[in-house]
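In what follows, a structure is listed as structure tokens, so that the remarks can point back to it.
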Amino acid sequence: MYYVYILRCNNGSPYTGCTQDLKERFQRHTNGYVPATQALLPVELIFYYAFKDKYKAFEFEKYLKTGSGRAFMQKRFL
């Protein structure tokens with residue numbers, strides 16, 4: 001399975017990512033091992049979705065990082 005996830009950083013900004021091991025990846029974020037969120041700790045997992053198809057997961061992550069995807073996140077999750 002592939003997971004697309006959204007974290008809420010301590011400054012209120014979202015971080016979107018994709019991984020095969022959500023538990024391990026979230027632990028890496030929490031422990032400060034991910035440079036993109038290292039200065040924004042603590043982080044909170046607010047959404048994730050599982051995909052069987054790796055390419056669909058990466059497409060959805062890419063969409064969430066676009067302008068309309070960010071508007072979708074604001075309306076649905078944040």
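Rule-based calculations on the coordinates, nothing more; no lab input. Owing to the predicted nature of the structure, the values given are computational and were not obtained by experimental measurement. Virtual Cβ from ideal backbone geometry, glycine too; neighbours counted across all protein chains shown.
The candidate values were (i) 1.32; (ii) 1.04; (iii) 1.16; the one computed from these coordinates for Cα Rg over 2.2 N^0.38 Å carries the label (ii). Would you mind telling me which residue in Gly17, Gly67, Gly32 has the biggest mean-square fluctuation in a Gaussian network model of the chain, where springs connect alpha carbons within a distance under 10 angstrom? Checking each option, the largest mean-square fluctuation is seen for Gly67.
So which chymotrypsin sites (Phe, Trp or Tyr not before Pro) in the chain end up in coil per DSSP with only 16 or fewer other C-beta atoms within 10 Å?
Tyr33, Phe77
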